[in-house]
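So the structure is just underneath, and the comments pick up after that.
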Amino acid sequence: MFAYLLLLVAALSRVAVIPYHFFSFTAIGGSLLYFGARRSKVQIIFPVLLLAATDFYLTKFVYAYPFHARDYAFTWVWYAAACLLGGAMLSKRNGVLRILGAAFVSATSFFLLSNFIVWAGSHMYAKSAAGLAACYTAGLPFYPRDLVATAAVAGCAFGIEALVKQIAAMRHPAGSSIAA
């Protein structure tokens with residue numbers, strides 16, 4: 001249940017951040033990693049659909065652009081891939097280094113993919129190596145923010161889970177009788 005709640009918070013963080021530009025902090029990457037680590041592969045459709053709905057809402061109603069699903073296909077595939085990454089790296093073991101590694105791979109892959117799509121699909125940048133470099137350079141200020149947000153959200157999610165387990169273990173030590 002916590003994975004779904006975190007996913008809802010992530011979607012809301014994405015929508016709520018627009019009017020306030022709160023350092024471009026969203027909980028998307030971290031929530032996808034956590035969801036993938038804690039839910040089955042079949043359930044990955046839920047975060048993809050929810051985030052696709054936020055893409056539609058933001059594009060159509062916040063930015064007032066026409067919405068074309070084909071423009072988001074790679075992004076939606078990335079949502080699913082981030083869940084799969086969480087499942088692969090964090091489902092069995094999830095220490096600090098693994099969480100930071102998954103956050104790094106997640107944020108970096110999104111930075112590389114999203115900026116490449118902007119370069120390839122728009123007329124803002126020349127279709128050359130220099131144009132691609134200019135596109136990545138323009139996106140660079142957002143990368144550290146996404147990296148920090150992804151690591152913070154994933155770290156908090158897995159940290160809260162570990163804390164709850166620790167408290168439960170302290171309240172009911174192994175071998176003790178729960179029924180009194």
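Each reported figure results from applying straightforward, stated rules to the coordinates on display, with no laboratory input. Since the structure is predicted, the reported quantities are computational estimates derived from the model, not experimental observations. As a convention, Cβ positions derive from the backbone with ideal geometry for all residues, glycine included, and neighbour counts pool all protein chains shown.
Structural remarks
- Our estimate of slack between Ala120 and Phe46, defined as 0.36 nm per intervening residue step minus the Cα-Cα distance, is 23.8 nm.
- Pairs of Cα atoms nearer than 8 Å and 6+ residues apart set the relative contact order; for the range 68-142 it is 22 percent.
- Stokes-Einstein D for the range 83-180, Kirkwood Rh over Cα pairs, 25 °C, 0.890 mPa s (µm²/s): 151 µm²/s
- Charging the Cβ of each Asp and Glu at -1 and of each Lys and Arg at +1, and nothing else, the dipole of the range 84-180 about its Cα centre rounds to 220 debye.
- Once the C-beta distance of Leu113 and Gln166 is scaled by a Förster radius of 41 Å, the resulting FRET efficiency is 0.65 to the nearest 0.05.
- Sequence-distant contacts, meaning Cα pairs under 8 Å at least 6 residues apart, place the relative contact order of the range 2-163 at 30 percent.
- Cross-link reach is defined here as a Cα-Cα straight distance under 22 Å, omitting same-chain residues fewer than 8 places apart; for Lys92 the lysines meeting it are Lys41, Lys165.
- Relative packing of 31-37, 131-137, which averages over residues the other C-beta atoms within 10 Å, highest first: 31-37, 131-137
- Between Leu58 and Trp76, the contour length at 0.36 nm per residue exceeds the Cα-Cα span by 5.0 nm.
- What the Kirkwood sum gives for the range 2-163 is a hydrodynamic radius of 16.1 Å, with every pair of different alpha carbons counted.
- Applying 1/(1 + (r/R0)^6) with r as the Cβ-Cβ distance of Arg145 and Arg98 and R0 = 25 angstrom yields a FRET efficiency of 0.70.
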